[in-house]
Amino acid sequence: MAETGTAPSSPAAQAAAARLAGIRPPTAPPAAEPAPAEAGGKGKKKRKKGEGEAGAKKKKPVKLIAVFVVLLLVAYVAKGKFVKPHYGPHAKVPLGAIYDLPNQVTTNLRDGSLAQISMSLQLTAAANKKEITKDTSAIMGTAVDLIGSMTYASVLSHPDPQVYLEHALLSPIQRDLGTNEGAQQVAGVIFTYFVIQQQ
C-alpha cells in the first residue's frame, strides 16, 4: 500500500521536494524597470497648478507701469520739441536774438533836415524770425514815416534824441508785426547808426 503524506508547507521544503521530483522551482517575476524620463525635462516634478498663473499676473502690472513711465517721458520730450509755450496777457517773455535790419535809410524830416538811420530789433523768445524777415520793408517804412513827421528842433528838444526815437518807434513796429504765441515779437528798437543834419 502506497504511503501517503502531507505536502511540505515551508518554501524550503517545497524547493527540496521539487528538486527530488525533478521539477524546477518557480522564480519570482523580475521587478519592473522605472519608466524613462521624457525628453525636455517632462519627467521632473510638475509645478502645482496656479503657480505659473500667479507669476504671470505679478509680471503684467510691472510691465504696464514700465510702459506708462516710458510714454510719459516720450510725451514730455515731445512737448518740449514740438509744442511751443503760449504766453498769457501779463506773462514775462524772455528776450531772444537781436535782428539787424539789412538796409540803411536816408529820409527828410518835415522841415527839410536830413536823417540817416540803421536799426536792429531786440526780438523776444516768441518771435517768428521768418515772418519778421519778410516785413523788413514795412518796418523801415514805419521808421521813415515817424521820423519824417518830426522837425530838427523837435528831435533835439529831447535830452537824448536817439533814445527818444527808439522808444517812439517801438509801439508802431510792435503793431505792424503783431504777436506770436500770445506775446509781442519785438521788445526794443536799437539804432546802430543815427545822424541828423539840419538844412
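The values are calculated or read from the model by the stated rules, or taken from the named source; none is laboratory data. As the structure is a prediction and not an experimental result, all values here were calculated from the model. For neighbour counting, all protein chains shown are included, and Cβ atoms are generated from backbone atoms with ideal geometry for every residue, glycine included.
There is no residue in the range 105-114 that is polar (S, T, N, Q), at pLDDT below 90, surrounded by fewer than 17 Cβ atoms within 10 Å (Cβ to Cβ) and under 22 Å from Asp176 (Cα atoms). For the range 130-139, the criterion of being of a type in the set (Gly, Ala, Ser), in contact (Cβ under 8 Å) with a residue 12 or more places away in the chain and touching a strand residue (DSSP E or B) at 6+ places or on another chain (Cβ under 7 Å) is satisfied by no residue at all. All of (1) within 23 Å of Lys92 (Cα to Cα); (2) out of contact with any Pro (no Cβ under 8 Å at 6 or more places or on another chain); (3) surrounded by 14 or more Cβ atoms within 10 Å (Cβ to Cβ) hold for His167 with one exception: (3). So which of Gly141, Gly148, Gly178 is surrounded by fewer than 17 Cβ atoms within 10 Å (Cβ to Cβ), more than 12 Å from Phe191 (Cβ to Cβ), within 35 Å of the chain's Cα centre (by Cα) and of a type outside the set (Lys, Arg)? The unique qualifying residue is Gly178. Could you please find all residues in the range 179-199 being within 12 Å of Thr124 (Cα to Cα), of a type outside the set (Asp, Glu) and out of contact with any helix residue (DSSP H, G or I) (no Cβ under 7 Å at 6 or more places or on another chain)? Within the range 179-199, Thr179, Asn180, Gly182, Ala183, Ala187 meet the criteria.
When restricted to residues that are in a helix (DSSP H, G or I), over 19 Å from Ser118 (Cβ atoms) and not small (Gly, Ala, Ser), the range 143-171 contains 2.
When the range 129-142 is filtered for residues that are closer than 16 Å to Met119 by Cβ and not hydroxyl-bearing (Ser, Thr, Tyr), the ones remaining, listed by number, are Lys129, Ile132, Asp135, Ala138, Ile139, Met140, Gly141.
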